[in-house]
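Every read-out reported here was derived from the displayed coordinates using simple, explicitly stated rules and does not represent laboratory data. Predicted model, so just to flag it, every value in this text is computed and none were measured. Positions of Cβ are generated from backbone atoms using ideal geometry, with glycine treated the same way; all protein chains shown enter the neighbour counts.
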Amino acid sequence: MSKKPKSDQPRYEDLVSQIETLVDNIESGELGLEESINGYEQGTKLIKQARAILDQAQQRVEAIDLNQSEESSE
């Protein structure tokens, strides 16, 4: 059974989807300069959030690996 993410933290997959939508909109060429810059700014914030989630996941995996190696050496 998987844990639900904290309500104040978006899901990684949702962030990636939002980033992809922003990139598609910017690359379409249909946005004006100001809209493109705003999209870029929003995208960088979303990327920062996504990286933080990945960092937390990596720390959890490393802790699990460390725990498993400690258990196997006993």
Exercise for review: Can you tell me which residue within the range 6-50, out of those that are among the small types (Gly, Ala, Ser) and not in a helix (DSSP H, G or I), is nearest to the chain's Cα centre (by Cα)?
Suggested key: Ser7
Exercise for review: Test Ile47 against the criterion of being touching a Pro at 6+ places or on another chain (Cβ under 9 Å) and among the β-branched types (Val, Ile, Thr), and give yes or no.
Suggested key: no
